[in-house]
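The next block holds one structure in the form of structure tokens; read it before the comments.
We did not get these values from a lab; they are worked out from the coordinates using the rules stated. Being a predicted model, the structure only gives us computed values, none of them experimental. Methodologically, a virtual Cβ is constructed for each residue, glycine included, from the backbone with ideal geometry; neighbour enumeration extends over all protein chains shown.
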Amino acid sequence: MKDFTLAKDADGVAVITWDVPGRSMNVMSRDGFAELDALVAGALADPEVKGIVITSGKPDFAGGMDLNTIAQMKSEGGESPAASVFAGLMDVHGILRRIERAGMDPKTLKGGKPVVAALPGTALGIGFELPLACHRIIAADNPKAKIGLPEIMVGIFPGAGGTTRLVRKLGAMMAAPFLLEGKLSAPKAALAAGLIDEVVAPEDLLKRAKEWVLAAKPDDIVKPWDRKGFKLPGGAPYTPQGFEIFVGASAMVSGRTMGAFPAAQALLAAAYEGSLVPFDTALKVEARHFTSVLLNPSSTAMIRSLFISKEALEKGANRPKVEDQKVAKLGVIGAGMMGAGIAHVAAKAGMQVVLLDASAEAAERGKAGIAAGIDKDISRGKGSAAARDELLARIAAGADYAALAGCDLVVEAVFEDPKIKADVTARIEAVVGPDCIIATNTSTLPISGLAKASTRPDAYIGIHFFSPVEKMALVEIIKGKATGPRAVAKALDFVRQLRKTPIVVNDARFFYANRCIIPYINEGIRMVAEGVSPALVENAAKLLGMPVGPLQLVDETSIDLGVKIAKATRAAMGDAYPDGAVDAVLFRMAELGRMGRKAKAGFYAYDEAGKRQGLWDGLGAEWPVKAAQPDVEEVKNRLVLVQVLEAVRAQDEGVLTDIREGDVGAILGWGFAPWSGGPFGWLDITGAAAAVTLCDRLEAAHGPRFKATQSLRDMAASGGRFYDGIVPAAA
Ligand code: NAD
């Protein structure tokens with residue numbers, strides 16, 4: 001079976017249908033490209049064919065490129081992968097360019113045949129770059145469809161002409177959100193933005209496409225950039241307007257990425273340089289920059305974690321093999337910040353939700369908070385009143401545990417107090433059926449301890465959401481010592497229903513994510529105590545590719561929470577507690593009443609409305625900045641290594657059982673430098689031997705928290721890696 005088939009109709013329209021066998025979504029492979037090229041060539045040469053419609057046999061047009069194709073191009077190059085990748089990209093440009101020229105004489109621009117892309121649904125990546133090479137793009141009015149170029153989100157950029165064509169179609173300024181942010185649009189929004197040409201009722205899609213083909217005039221099929229005297233919309237770089245656009249875009253990209261994401265800079269360079277030269281040369285420029293991005297290990301790492309591993313985890317890579325555990329009726333105990341958030345996302349996913357709190361009023365308050373959140377979205381043009389009412393009708397708020405009867409899963413998010421949690425567990429178990437799974441959203445209490453309050457600890461599990469629940473994509477599922485496979489499957493199926501990304505870890509202090517975030521925050525605070533400039537700490541974190549610096553992060557999560565965690569950890573560890581220097585700063589901040597953002601005072605200063613200003617100017621009086629400051633690389637190394645080493649220890653101790661979970665969890669959970677693909681990806685890019693050398697140096701200078709693990713030393717000695725390209729090396 002083939003990916004593309006051609007059918008000629010009586011009017012002389014050749015309809016090429018893309019329908020990759022055995023897949024729910026079309027993806028482009030090299031074979032696919034070759035088939036498409038051959039079919040287009042045949043149709044252009046066939047005197048009976050007046051024009052071509054390219055469409056899909058599936059509900060969507062296409063999801064993008066088959067990422068194996070890129071890997072294949074690289075490996076075929078042997079000693080010179082760059083040459084092979086570049087040649088592969090130029091082949092793709094050739095195929096799309098033949099579609100765009102459609103047989104016309106390049107001098108007279110006459111003699112071509114019209115080619116229309118008819119998109120029934122989603123069209124992403126190459127699934128939109130191919131339409132961009134056609135003469136008209138018509139989309140079905142399918143509000144669920146997404147159209148755009150999301151490549152930048154996984155560390156690459158549109159490299160099949162998408163960058164060059166979109167900049168010429170819309171101008172650099174208007175193309176920027178689609179290229180630099182990977183913004184996706186539903187068909188109507190795509191039409192308004194000028195990405196596509198027409199939106200029609202789904203049932204009229206093919207009819208309208210054929211109509212256009214048959215009515216098209218020779219002039220309709222010549223791209224603006226193929227005409228004499230083409231001018232870039234909004235101005236080319238060396239015009240007064242263009243100058244401002246490109247300088248502004250360059251500043252914006254540098255400001256946002258801090259130089260840590262190679263794809264954004266390469267994209268900008270391709271757009272800038274490409275707009276100074278003729279179209280076909282611009283494609284070559286695009287291919288050169290794209291090759292350099294594909295050969296940068298960051299792109300492999302990002303594609304691996306943010307695309308391949310993430311999808312594998314979402315599809316249940318580590319799900320025990322038990323029958324479907326989907327949740328129809330969910331109970332949530334505690335209608336505070338987290339409980340209300342969980343109830344909200346579950347109702348949004350279509351589940352019936354019982355939301356309980358200590359009193360009916362408290363539960364209703366939680367539900368009212370959900371309504372207020374939705375109203376705010378509606379006022380910003382997101383969602384409708386009807387959808388809100390439907391969602392809220394699925395949430396029954398109250399205080400009566402009898403309402404939990406029939407729940408397949410109950411998640412408790414009450415106060416972080418083992419006694420209260422134990423009491424709540426007993427009350428849940430008195431009502432629910434024997435198949436119901438009970439989960440806790442605790443962020444600090446060991447699951448195995450809490451499970452002791454349950455009469456069936458095999459059905460007890462941790463489902464740890466991150467705040468704000470509505471926004472955060474990661475959910476950490478924690479197995480207690482006694483947790484059984486059905487509870488794990490239930491948690492995974494529940495998270496899948498919510499369309500979030502799960503990782504499954506074993507029980508240990510702070511599980512995985514918090515275990516790694518805390519050392520990051522602490523290292524930042526420790527440097528303040530040492531007299532390192534707080535601005536240096538925060539900026540080094542940004543240069544590392546962290547979304548927020550450690551001092552800003554502790555302001556967001558609050559100083560009092562930090563104090564609470566420090567006290568509990570000290571109590572648990574006794575004399576071995578290593579973070580006295582951190583506590584000296586943290587406790588002093590608490591004493592000063594600077595509890596963080598919620599108090600409008602923390603390491604940062606805030607205005608009356610709670611908007612962050614700059615670093616608090618009183619920091620220097622409390623912790624004087626030393627005259628001799630460390631090199632920024634040293635600060636970056638400290639901030640990254642404390643996290644990476646903690647992830648490795650979590651792996652060594654069996655808290656993590658799959659490095660993919662460690663990497664995906666790190667990026668989605670706390671924003672660990674996405675360019676690196678996660679802590680294990682970072683180690684592979686750095687190299688285990690170089691990482692060990694760094695550890696040794698930092699250990700000597702700053703103490704045993706930087707001690708390299710034996711596992712890393714072994715890896716350094718054997719020259720091993722965590723991943724073999726895209727997959728875990730052990731697999
Ligand atoms: P919160 O104080 O906002 O909400 C707790 C809710 O539980 C309150 O509405 C309270 O009235 C209710 N409650 C207390 N005792 C109860 C009882 N006996 N029966 C029924 N309801 C009761 O707290 P939160 O921030 O939503 O945290 C809840 C849980 O989630 C805690 O275990 C916390 O560790 C965990 N958690 C919090 C975060 C976070 O960022 N806040 C993140 C992950 C996990």
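A compact table of results
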| quantity | calculated |
| --- | --- |
| Segment 382-488, Cα convex hull volume normalised per residue, Å³ | 122 |
| Nearest-ten-degree value, helix 534-543 long axis tilted from longest Cα axis of the chain | 40 |
| Ratio Rg/Rh, restricted to segment 66-147 and using Cα atoms, in which Rh is the Kirkwood radius | 1.10 |
| Range of Cα positions in the chain per principal axis (Å), largest first | 85, 65, 55 |
| Whole-number percent relative contact order across segment 121-241, with pairs defined as alpha carbons under 8 Å at least 6 apart | 31 |
| Stretch gain in nm, segment R23-F415, where the contour uses 0.36 nm per residue and the Cα spacing is subtracted | 136.5 nm |
| Net charge contributed by nearby residues that have their C-beta within less than 10 Å of G602 (K/R +1, D/E -1) | +3 |
| Average silhouette area of segment 82-210, convex hull of alpha-carbon atoms, in square nanometres | 8.7 |
| Exposure proxy order (Cβ contacts within 10 Å, fewest to most) of L149, L619, L124 | L619, L124, L149 |
| Whole-number Å³ per residue for the convex hull built on Cα positions in segment 594-685 | 154 |
| Relative counts (whole %) of C-alpha pair distances in segment 4-295, using bins that are 5 Å wide | 1, 6, 12, 17, 19, 18, 14, 8, 4, 1, 0, 0 |
| Amide H within-cut-off set for G480, under 5 Å, with H built and near neighbours excluded | G462 |
| Environment charge of E323, counting only residues whose C-beta is closer than 12 Å and scoring Lys/Arg +1, Asp/Glu -1 | +2 |
| Antiparallel bridges, percent of DSSP beta bridges restricted to the chain (to nearest 5) | 25 |
| 3J(HN,Hα) from dihedral phi, segment 606-619, Karplus parametrisation 6.51/-1.76/1.60, rounded to Hz, x for glycine, proline | 10, 8, 4, 7, x, 7, 5, 9, x, 4, 4, 6, x, 4 |
| Segment 399-556: relative contact order as a whole-number percent, Cα under 8 Å and 6+ apart | 16 |
| Two-site label geometry, K326 and A393: point separation in nm, points 7 Å out along Cα→Cβ | 2.0 |
| DSSP-assigned coil residues among GluC sites (Glu not before Pro) in segment 65-170, each with at most 12 further Cβ atoms within 10 Å | E79 |
| In degrees, nearest ten, helix 30-45 long axis to first principal axis of the chain (Cα) | 20 |
| Loop chymotrypsin sites (Phe, Trp or Tyr not before Pro), segment 410-466, which have at most 16 other Cβ atoms in a 10 Å radius of their Cβ (DSSP) | F415 |
| Trypsin sites (Lys or Arg not before Pro) restricted to segment 267-332 and DSSP loop, no more than 14 other C-beta within 10 Å | K315, K321, K326 |
| Sites A621 and K707 - FRET efficiency at Förster radius 30 Å, r taken between beta-carbons, to 0.05 | 0.30 |
| For segment 152-212 and segment 373-423, distance of Cα centres in Å | 38 |
| Estimated inter-spin distance, V727 and Q72, nm [label 7 Å along Cα→Cβ] | 1.6 |
| D400 paired with E244, simple spin-label distance in nm, labels 7 Å along Cα-to-beta-carbon | 6.5 |
| Long-range lysine pairs (8 or more apart or interchain), segment 21-175, Cα under 17 Å | 4 |
| Reference-scaled alpha-carbon Rg (2.2 N^0.38 Å with N residues) for segment 329-512 | 0.96 |
| Over 15 Å [Cα-Cα, segment 186-242], rounded percent | 68 |
| As computed over segment 533-665, the Cα convex hull volume per residue (Å³) | 138 |
| Interchain or long-range residues, amide H under 5 Å from Y606's placed H | Q613 |
| Estimated FRET transfer efficiency (A83, T281; beta-carbon r; R0 30 Å; 0.05) | 0.95 |
| Sequence-separation-based contact order of the chain, relative, with Cα cut under 8 Å and 6+ spacing, percent | 9 |
| Share of alpha-carbon pairs per 5 Å distance bin for segment 465-608, given as whole % | 2, 9, 15, 18, 17, 15, 11, 8, 4, 1, 0 |
| Ellipsoid semi-axes in whole angstrom, largest first, where each is sqrt(5λ) of the Cα gyration tensor of segment 378-438 | 30, 15, 10 |
| Whole-Å semi-axes of the ellipsoid equivalent to segment 1-62 (Cα gyration tensor, √5λ, descending) | 21, 13, 8 |
| Segment 35-54 and segment 304-335: distance between their alpha carbon centers, rounded to Å | 44 |
